[in-house]
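Values in this text are rule-based calculations from the coordinates and carry no lab data. Please read all numbers here as calculations on a predicted model, not as lab measurements. As a convention, Cβ positions derive from the backbone with ideal geometry for all residues, glycine included, and neighbour counts pool all protein chains shown.
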Amino acid sequence: MSYSDLPALVTRREDALTLLDAVASGVDEGEFAPFVRALTTPEDEQAVAIMRGSANEMSPPVHLGALLAAAGLVTNDEVFQALDARRARAKGAVA
């Protein structure tokens, strides 16, 4: 999966699942930045700033998953499955 496979706008569950597939397949983290920015509310930005200031910043895939779940487009279980698959893929590439 590549950036060109990602939806231009995330308003439906199917779009969110496509993004989770991208997370699981190991798409570069930088590709998620436009989606994170688009889904981030002012309240989210305040929380992110606090996390960043305390050295607890989330990675783009984790942040994207949290935003998609908070928007009600996917479940937390689906996010965790995608993140677990990404982690397993990375371990396989390292091993």
- prompt: Which one of the conditions (1) farther than 24 Å from GLY92 by Cα; (2) hydrophobic (A, V, I, L, M, F, W, C); (3) out of contact with any His (no Cβ under 6 Å at 6 or more places or on another chain) does LEU17 fail to meet, given that it meets all the rest?
  reply: (1)
- prompt: Out of the range 24-50, which residues are under 21 Å from ALA85 (Cα atoms) and without any contact (Cβ under 8 Å) to a residue 60 or more places away in the chain?
  reply: VAL27, ASP28, GLU29, GLY30, GLU31, PHE32, ALA33, PHE35, VAL36
task: Take the residues in the range 51-74 that are part of a helix (DSSP H, G or I) and aliphatic (A, V, I, L, M), then tell me which one is nearest to ALA33 (Cα to Cα).
output: LEU64
- prompt: Of (1) touching a residue at least 40 places away in the same chain (Cβ under 8 Å); (2) closer than 19 Å to ARG87 by Cβ, VAL10 satisfies all except one. Which?
  reply: (2)
query: Since LEU67 meets every condition but one in (1) of a type in the set (A, V, I, L, M); (2) under 24 Å from LEU9 (Cα atoms); (3) out of contact with any Phe, Trp or Tyr (no Cβ under 9 Å at 6 or more places or on another chain), which condition does it not meet?
result: (3)
statement: With criteria (1) assigned to a helix (DSSP H, G or I); (2) over 13 Å from the mean Cα position of the chain (by Cα); (3) of a type outside the set (Gly, Ala, Ser); (4) exposed (fewer than 14 other Cβ atoms within 10 Å of the Cβ), VAL48 comes up short on (4)
- request: Can you give me the number of residues within the range 75-95 that are over 11 Å from the mean Cα position of the chain (by Cα) and either of a type outside the set (D, E, K, R) or assigned to a loop (DSSP other than H, G, I, E, B) (or both)?
  value: 10
- line: Residue hits (the range 51-69; in contact (Cβ under 8 Å) with a residue 24 or more places away in the chain and surrounded by 14 or more Cβ atoms within 10 Å (Cβ to Cβ)) are PRO60, PRO61, HIS63, LEU64, GLY65, LEU67, LEU68
- line: Residue hits (the range 5-25; over 13 Å from LEU64 (Cα atoms) and surrounded by fewer than 16 Cβ atoms within 10 Å (Cβ to Cβ)) are ASP5, PRO7, ALA8, LEU9, THR11, ARG12, ARG13, GLU14, SER25
